[in-house]
1. Select from the stretch A:43-66 the residues that are out of contact with any strand residue (DSSP E or B) (no Cβ under 7 Å at 6 or more places or on another chain), open to solvent by 80 Å² or more (accessible area, probe 1.4 Å) and not polar (S, T, N, Q) and list them in ascending order.
2. Looking only at residues in the stretch B:270-320 that are touching a Pro at 6+ places or on another chain (Cβ under 9 Å), open to solvent by 40 Å² or more (accessible area, probe 1.4 Å) and more than 10 Å from chain A (Cβ to nearest Cβ), which one is nearest to residue B:477 (Cα to Cα)?
3. In the set A:427, A:484, which member is part of a helix (DSSP H, G or I), within 28 Å of residue A:107 (Cβ to Cβ) and not charged (D, E, K, R)?
4. I want to confirm something. Restricting to the stretch B:20-40 and keeping residues that are within 19 Å of residue B:241 (Cβ to Cβ) and not aliphatic (A, V, I, L, M), which single residue is modelled with the highest pLDDT?
5. How many residues, within the stretch B:280-338, are assigned to a helix (DSSP H, G or I), more than 27 Å from residue B:100 (Cα to Cα) and of a type in the set (Lys, Arg)?
6. Within the stretch A:176-192, is there a residue that is open to solvent by 20 Å² or more (accessible area, probe 1.4 Å), part of a helix (DSSP H, G or I) and in contact with a Pro (Cβ under 9 Å, 6 or more places away or on another chain)?
7. Within the stretch B:366-377, can you find the residues that are closer than 22 Å to residue B:291 by Cβ and open to solvent by less than 10 Å² (accessible area, probe 1.4 Å)?
8. Take the conditions open to solvent by less than 80 Å² (accessible area, probe 1.4 Å), outside any helix (DSSP H, G or I), over 30 Å from residue B:464 (Cβ atoms) and free of Cβ contacts under 8 Å to residues at least 40 places away in the same chain and apply them to residue A:80. Does it pass?
There are 2 protein chains.
Amino acid sequence: MTHALPGSADALTKPETRSAAGIARSIREADRAVSSLREFHAWFAAYVERESSEIRRIPFNKLKGWRFEEPHGNLVHESGKFFSVQGLRFRNASGAVPEWDQPIINQPEVGVLGILVKEFDGIPHCLMQAKMEPGNHNKVQISPTVQATRSNYTRVHGGRPVPYLDFFRNASRHQVLADVLQSEQGSWFYRKRNRNIIVATSDDVELLDGFYWLSVGQLHALLSVDDLVNMDSRSVMACFPLTSPSPSGPWAFDGAPAAPWPVEDASIGSALARSLDPGYGALHSPGSVRNWFTGARGGFTGEAHLVDLGSVRNWQRSEDRISHDRGVFFDVMAVDVRTGSREVASWTQPMIEARGQGVAAFLVQRIGGVLHVLVRVGSEPGFMDAVELAPTVQCTPENYAVLPSEAAPPFLDEVLHAPADAVHFDTVLSEEGGRFFHTRSRYLIVELRAERELVEPDDFRWLTVHQLSDLVQHSNYLNIQARTLLACLHSLLGPAGGECT
Amino acid sequence: MTHALPGSADALTKPETRSAAGIARSIREADRAVSSLREFHAWFAAYVERESSEIRRIPFNKLKGWRFEEPHGNLVHESGKFFSVQGLRFRNASGAVPEWDQPIINQPEVGVLGILVKEFDGIPHCLMQAKMEPGNHNKVQISPTVQATRSNYTRVHGGRPVPYLDFFRNASRHQVLADVLQSEQGSWFYRKRNRNIIVATSDDVELLDGFYWLSVGQLHALLSVDDLVNMDSRSVMACFPLTSPSPSGPWAFDGAPAAPWPVEDASIGSALARSLDPGYGALHSPGSVRNWFTGARGGFTGEAHLVDLGSVRNWQRSEDRISHDRGVFFDVMAVDVRTGSREVASWTQPMIEARGQGVAAFLVQRIGGVLHVLVRVGSEPGFMDAVELAPTVQCTPENYAVLPSEAAPPFLDEVLHAPADAVHFDTVLSEEGGRFFHTRSRYLIVELRAERELVEPDDFRWLTVHQLSDLVQHSNYLNIQARTLLACLHSLLGPAGGECT
């Protein structure tokens, strides 16, 4: 690669807030989108109508190409690709549960989750896809432009090429708004990460069957529909660059673009907009946040290592599932898939099916008028780097029946028993339908309004949204549930100040 | 932890550039330091004079508490603590050398490298330590306030407590300027990271024997003395927060502090100062840098795993060393240490002794008047996360005699044969004396002045210093050699515009 001569200042890219301003227009001016949400829903319903896939639970011995390899008992694919189900042994002497075994998905490949963005009439739009995934209880959800494992895009399965992939594999020809390796569920995946990438192009883009242009504001509105915007979309959406000084804020400077957000009224949207502008301040300085996080990561004493699935203690394998002795946590099971809408017409695969519905919630609070989010630093056994930031509450309440009381999550009561007007977001969303079968969580954003002192147990901190947004641009800071909630939080910026319907 | 009531904006910390301004004073006003460099050198010489340690090479069978455990042949300590020497097998089908074995140090504990900062008469000073380490060919070098493995500070060896440790373990009572887990040599360590932390206090600090207050400018001046500022000091110094908008620069805003740097003249210091201010721009946008780095990390296909030291191919163990068949790379050897100046009076330990002197260099260039640094993204077998940013050139020239020509480092000629006036930094510095025996590298900063197009091979990019400084605040971006060179680069900000003597 060669560039202009070094003497030329024209060669330099100046710090820019245009992207944030564009995304802001795409959020606030939802009525300027190329289609209305009504049109989208009609298109989506027609797609779902046409989509004729059949997904059936099958016993393990009906899996094709998959087997429990002896003597280890790991569930593997004959190609050695895709993923395998192995065992994990986790030890953490200082944890509420000092040691356990569990099955875990080992998928070392890094996949691509990409959203392609293009402006129409000055409003950036996201190219989203209606996609069937076998684990979705409603089969079809909205996914990113590209959602492909390396096995997909190198076409190990001999399927069709992945549309639009070239925009992401050759992203340097376009404008890259975000590009970061993000973790997925550390309870179910061993060190899994996907590349989350947002690319803005000014090229012509052919609109293929099954794809639809939505503004960011429309995507935000759709987040509050149960089981519609899939996990991968939410993960990428969390990486949209929204942080920027607001010209009406205290940190305004010359050359800032048109005001992205109103910050003057008493709405949650204004408190959130102030939280996106570093100039309004934060309860904790950047150094203090780093000190807290690095202390937790550096001081972590847990260890996880892969073991043979056949040697995992307290789990039993039957004909059609691997389950915990006490009937909690999750099962490993298998499905048969027949479809006309994917790269390959039929296949079988193992999946994970959670027992019980998860709860993931951000407690938020206005501190000096600036919205703060209570995040927890915590470990999950499959994390590649010890700890990440998690929601205030992240649990499956049913599991606590078999766990010591110290393991019960703080703040669960505040979240589940908040007054209705304190609940800004409350939607049931699906976890990734390519690996998880009918596995859903209730995502909540709940505001604390009591005039009381701000409590911060050691592993919790009240952070601003710009602090979270800065961290999410780097790997292994925000876990997947926190990223979903960050995307949901962004949706409170919507045109009606939080009423996103 | 509890805080003020949420309604109060007083509770919030505003973005501040005071720290950067303080560090700037500490760099530019070296004559306001509490002692002169002449006084420091006299003190240091007297310390060295008094320091009476004896370090001898010994055969492995004279190690006390260490043994080659059977049947694996790993070199371990009887406590199971400290570290072990094991084997590593590295495979990377797309690398110039697709597979090799080597010995490697496995030290999973996270140690603390901390510099304590305190203002005297408005000038921040760093509390530095004269410390004997057995691998230093000159025995005593300047180390951070605290340089302690977890075994040290939990006193596994039954030694004396680590002075000043409490400032870092309870850093939240002070101001934290940096706190980040940083990697060390991926060629010699398996996934090693240390916590690099800078804490500013306004408490009274007792000055213990062996410690000395130096301004940052004085530390910078000392960097250009061969083998004086040790590796751990350099690593922490790289994390000093220096990036900030310069009020005379294009991105100035109200409330910015007094100008930290002059940016108007034609000196290398001014080009560097402009490079610290995001407002002057950069050749590559943040999105483009992330795209390049994430592409390299996500696309990395190498794998490393620990193997038994006894099974490492192409390495031979004799009575007193483990060496490569062709006499290159490094040896594992052992030393006996007797000293009066450390927590423990005598001990034995294995070390790594490199063959040949390393070369690590940054090529720099002014692009539009803004200093840019050519960094490379590359893998080292012990990295925990695939790739990190490395110097333009990082190699031991002698090793290339036995490697394929594709492995030879680009830009080595430009670095070694630059005209004298293009060489801004050229000093031989020691690698960590606690693990590496007489292992030294020549660190260079060389300016490209030719009026030619800027070449960027795929794995190289020209980045500004503020881009590097932002990344160094997060783990696993800049490798240890790049951090040393970043600290050396900072030293060109010095009062005499690069003449730091």
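The values are calculated or read from the model by the stated rules, or taken from the named source; none is laboratory data. Note that the structure is predicted; figures quoted are calculated from it, not measured. In this analysis, Cβ positions are derived from the backbone assuming ideal geometry, glycine residues included, and neighbour counts consider all displayed protein chains. SASA here: full protein model, heavy atoms, side chains in, ligands and nucleic acids out. Shrake-Rupley method; radii C 1.70, N 1.55, O 1.52, S 1.80 Å.
1. A:49, A:50
2. Among them, the one singled out is B:308.
3. Just a single option satisfies the conditions, and that option is A:484.
4. For the stretch B:20-40, the residue satisfying everything is B:26.
5. 1
6. no
7. Kept after step one, since they are closer than 22 Å to residue B:291 by Cβ, are these residues of the stretch B:366-377: B:367-368, B:370, B:372-377.
Hits for the stretch B:366-377 are B:367, B:370, B:372, B:373, B:374, B:375.
8. Working: open to solvent by less than 80 Å² (accessible area, probe 1.4 Å): yes; outside any helix (DSSP H, G or I): yes; over 30 Å from residue B:464 (Cβ atoms): yes; free of Cβ contacts under 8 Å to residues at least 40 places away in the same chain: yes.
Considered against the rule, which asks whether it is open to solvent by less than 80 Å² (accessible area, probe 1.4 Å), outside any helix (DSSP H, G or I), over 30 Å from residue B:464 (Cβ atoms) and free of Cβ contacts under 8 Å to residues at least 40 places away in the same chain, residue A:80 comes out as yes.
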